[in-house]
Amino acid sequence: ARVVFSGIQPTGVPHLGNYLGALSNWVKLQNEASEEDKLIFSIVGWHAITLPQKAKELSASRWDMLATLLAIGIDPKRSIVFHQDDNQCHTELAWIFNCITPVGKLRRMTTWKSRLADSRNANSESEIDESMLNAGLLTYPVLQAADILAYRATHVPVGEDQVQHLELSRDIAQHFNRTFVPGKKRFFPPPVPEISTFMSLGVGREQGTELPFEAPSKRILSLRDPSSKMSKSSPDLQSRILLTDSPSQITSKLRSAVTDSIQGVTYDPVNRPGVSNLLTILGACMEKTPSDLAEEYANKSNAELKALVIDAVQELFKDPRTEFERLRDERAYLTEVAKDGAERAKAISQETIRNVRSFVGLY
Ligand code: TYM
């Protein structure tokens, strides 16, 4: 049986990239799951505080994220949905993993390196170095490994940007098994990322090609700067579409999306990242590959392509937005779902921790 685990940070309402890259896949896996499969989805507050957060906003985001997950179709009867910070097993396991993870490995994580780069830019001083960043940012991926392995998860639906973190989780699982588990048994199975791609539509990743260009993954780019991914942390609000955006906000953001002045529609992520991003979005909404769409719409203008994307995204977010607005005020219901989720999560992870403590000698 599969154990599916994934997490999302409660840092504001999810955007189109979160939805197409990860969340829609959570719902799909849930709806395709067999009776024996376990599905566990966590709102990861401890990860969110690795960057400065305002207490009031974080607290509101925590509940809004739960309402969002229910609004997009996560069913609390079928899946375990809970707040990471309601289950201390995560931090306990993270500490034990911290004690077997070399700092050098963490320094090689691209997310750490980009945080370093960000802080350099913000301070515009070249001599700023890692001594200025907090230790939580460095060990962030260790906590992520603990999230996953606390449930001995086998499948982790995430966007492409999380692949390196999953590699580390597999390393930690293996290292722990080798070091502590009698007979080196596979106590922790290696967790495998489940990336949303157009693969299931019959398009294969060509051998030896580099990500992200040839791989038909659903990595969504910024609408203002298609050289970077759509992200919650970009200061430019026009760069991302939120699940709660009104139809007119969706229209204005997509109308002003950066494209190019080349005639006609082609799928060429290297030379036409803006247009290709629109094709990826439309393809994800319509369950067609971006290159098939490009052929179909070869003679359309960029404005006509944008109009199609606007319709598709408005339709995609229509029901979730309405459902979110209804659920976000149902605090008693949300509290109940969170409490029940935390209890079910603990029942699984406490068993893992008991074993881990005994393997390590902490009992
Ligand atoms: P987070 O909260 O940044 O993002 C949630 C999910 O959205 C995906 N994603 C994207 N996919 C496609 N295009 C984009 N532009 C885009 N932006 C974000 C992310 O890949 C992610 O799947 N470290 C994780 C949270 C986490 C986690 C875990 C995930 C903590 N513990 C355990 C899985 C398992 C993160 O920062 O996600």
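The values are calculated or read from the model by the stated rules, or taken from the named source; none is laboratory data. Nothing here was measured: the structure is a model prediction, and the numbers come from that model. Note: ideal-geometry Cβ built from the backbone for every residue, glycine included; neighbour counts use all protein chains shown.
Computed quantities for the displayed model
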| read-out | value |
| --- | --- |
| Residues (farther than 17 Å from G12 by Cα and in contact (Cβ under 8 Å) with a residue 24 or more places away in the chain) located in region 239-249 | P247 |
| Test result for A284, of a type outside the set (K, R), within 14 Å of A307 (Cα to Cα) and touching a Leu at 6+ places or on another chain (Cβ under 6 Å) | no |
| Condition check for I148: over 24 Å from V81 (Cα atoms), within 13 Å of the ligand (Cβ to nearest atom) and not basic (K, R) | no |
| From L143, L106, residue being among the aliphatic types (A, V, I, L, M), closer than 30 Å to T197 by Cα, part of a helix (DSSP H, G or I) and near the ligand (Cβ under 10 Å from one of its atoms) | L143 |
| Residue check for L211: under 21 Å from D268 (Cα atoms), of a type outside the set (D, E, K, R), modelled with pLDDT under 90 and not in a helix (DSSP H, G or I) | yes |
| Conditions (1) away from the ligand (no atom under 16 Å from the Cβ); (2) at pLDDT 90 or above: number failed by E206 | (2) |
| Helices (runs of 4 or more DSSP H) contained in region 265-348 and holding at least 3 residues farther than 18 Å from P226 by Cα | 290-296, 302-327 |
| Candidates L293, L279, filtered to the one that is without any contact (Cβ under 8 Å) to a residue 40 or more places away in the chain, surrounded by 15 or more Cβ atoms within 10 Å (Cβ to Cβ) and in contact with a Pro (Cβ under 8 Å, 6 or more places away or on another chain) | L279 |
| Residue within region 186-201 that is over 15 Å from R2 (Cβ atoms), within 12 Å of the ligand (Cβ to nearest atom), part of a strand (DSSP E or B) and among the aliphatic types (A, V, I, L, M) present | yes |
| Criterion: of a type outside the set (F, W, Y), within 16 Å of the chain's Cα centre (by Cα) and closer than 22 Å to L137 by Cβ - qualifying residue of V44, V81 | V44 |
| Any hit, region 49-61, residues being in contact with a Leu (Cβ under 6 Å, 6 or more places away or on another chain) and within 30 Å of I281 (Cβ to Cβ) | yes |
| Condition check for P216: at pLDDT 95 or above and not charged (D, E, K, R) | no |
| Residue in region 257-267 that is among the hydrophobic types (A, V, I, L, M, F, W, C), more than 25 Å from G12 (Cβ to Cβ) and buried (at least 21 other Cβ atoms within 10 Å of the Cβ) present | yes |
